[in-house]
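I have placed the structure first, in the form of structure tokens, so that the comments after it can refer back to it.
Taken together, the values in this text are just the output of simple stated rules run on the coordinates, not laboratory data. Everything numeric here is computed off the predicted structure, so don't read it as measured data. Note that each Cβ is placed from the backbone with ideal geometry, even for glycine, and that neighbours are counted across all protein chains shown.
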Amino acid sequence: MNNKKPIDEKTGFDLSDEFSRFDQRNEIYCRSEWDPEIQSKKATEFFDGHYMPKARARKADGFGQRDYALRNATWHVTNVLRDLRRESDDRKEGFFDTFTAHEEGWPEPYVFESEADATQNLRRAAKTMGAGMLGVCEYDERWMYSARFSEKTKESKPLDIPEDLPRVIVIGEPMDLGLTATVPSALSGSATGMGYTHDTVVLLTLTQYIRNLGYRAVASMNDSALAIPLAVQAGFGEVGRHSLLITEEYGPRLRLGKIFTDMPLVISEPKRFGVKEFCDICQRCSSACPPKAITRGAPSREAYSVSNLNGVKKWTTWAEKCFRFWAGQNSDCSICIRVCPYNRDFSKWGNRLWMKLAGTPLRRIMLQLDVWFFERNRQSSKVWWLKR
């Protein structure tokens with residue numbers, strides 16, 4: 001496999017000869033199921049807490065019964081679809097395995113006038129379905145998992161995506177700005193849960209539409225491939241110091257999904273708007289991270305453990321430190337998203353102007369203005385509940 005491709009000139013990805021594809025079994029959440037280094041009572045309670053009888057509700061702001069009640073409800077639809085074949089076929093769909101809840105499509109492909117016509121048609125359909133963002137990139141085997149994780153055996157198993165599907169449709173669903181402001185809290189996890197729910201609904205609906213047009217399509221969420229590199233190649237944005245995707249539309253508040261297909265589509269152009277240069281001088285996420293899981297240094301090829309990619313020059317997050325903090329507070333953490341200067345409402349012209357100037361040599365001034373004038377402290381969950 002060639003570790004370098006022409007697309008890297010546009011995305012800024014820097015892969016060395018030591019690069020190797022990632023085995024999903026080594027992902028930190030999967031390791032919590034088989035690796036004694038990660039397994040713990042708190043880790044088990046963290047996952048079990050997504051079901052109300054086992055939620056560790058307490059008096060702390062944002063961790064009460066109604067906070068967990070909303071968070072766990074936002075995950076319900078995704079969990080139902082995830083578990084359709086979990087016991088019978090060892091398929092945790094959307095997380096370890098692709099979605100299979102589809103009907104048979106049309107036997108003959110619909111003939112579009114051109115790839116541009118097909119792409120416009122797809123975008124119109126996706127907008128109707130509620131997709132926040134959509135882009136298209138070429139299939140890139142480098143970002144495909146070398147293997148999937150089997151929940152039943154705790155071992156690796158082969159991918160189930162055909163290699164002859166040449167294009168990847170990437171969709172993005174925004175996470176609620178107000179809920180994100182209450183991090184850390186169980187309530188803030190509702191932003192993640194609804195992000196996944198919207199992601200799941202759009203993925204399944206859009207995939208069925210493509211199949212109804214007579215093309216092949218496989219819906220994938222957290223399974224099968226690394227979503228962020230594909231999203232960058234699909235023109236969504238750049239990767240920040242916190243290792244999260246940053247977009248011009250929603251900053252870092254985005255959940256990603258992907259559809260592997262043979263539908264004829266125009267490939268999107270990667271987009272760079274100064275995130276790398278801004279993150280070079282910004283330490284907001286690394287300074288605010290309680291377990292110090294985000295590096296304060298320059299991008300490098302250092303991998304802290306098997307849960308990191310090998311041979312890619314980038315900012316790498318210490319997955320073990322991050323996950324232990326999640327388990328300790330009994331809810332997912334996105335403090336790095338809350339404090340990120342790109343975490344703004346970009347429907348407002350002032351924030352769009354800030355972003356444009358943050359991508360220029362004025363970035364240091366823009367960073368200071370964010371410190372002075374933008375409120376990024378944790379917002380009370382009680383206050384959130386009172387808003388109308």
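Below is a table of values for the structure above.
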| quantity | calculated |
| --- | --- |
| Loop trypsin sites (Lys or Arg not before Pro), the range 89-176, which have at most 14 other Cβ atoms in a 10 Å radius of their Cβ (DSSP) | LYS152, LYS154 |
| Dimensionless Rg/Rh of the range 1-40 - Kirkwood Rh, Rg from C-alpha atoms | 1.21 |
| Across LYS59/LYS127; LYS157/LYS258; LYS41/LYS387; LYS127/LYS387; LYS41/LYS154, pairs whose alpha-carbon gap is larger than 30 Å | LYS59/LYS127; LYS41/LYS387 |
| Whether the range 286-388 is rounded, prolate or oblate, judged on the alpha carbon gyration tensor where a/c under 1.5 counts as rounded | oblate |
| Kirkwood Rh (inverse of mean 1/r, distinct Cα pairs), the range 73-142, angstrom | 15.4 |
| Cysteines, the chain, no other Cys beta-carbon under 4.7 Å | CYS30, CYS137, CYS279, CYS282, CYS289, CYS322, CYS333, CYS340 |
| Taking only Cα atoms of the range 232-328, radius of gyration then Dmax in Å | 15.2, 47 |
| 222 nm mean residue ellipticity, helices alone, for the chain (DSSP H n ≥ 4; -39,500 (n - 2.57); rounded to 500) | -10500 deg cm²/dmol |
| Three-way shape call for the range 102-199 based on the alpha-carbon gyration tensor, with the a/c threshold at 1.5 | oblate |
| Dimensions (Å) - the range 8-386, Cα atoms, principal axes, largest first | 57, 51, 48 |
| Total formal charge among the other residues, if their Cβ is under 12 angstrom from that of LYS92, Lys/Arg +1 and Asp/Glu -1 | -2 |
| Normalised contact order of the range 1-152, rounded percent, pairs of Cα under 8 Å and 6 or more residues apart | 31 |
| Whole-number percent relative contact order across the chain, with pairs defined as alpha carbons under 8 Å at least 6 apart | 22 |
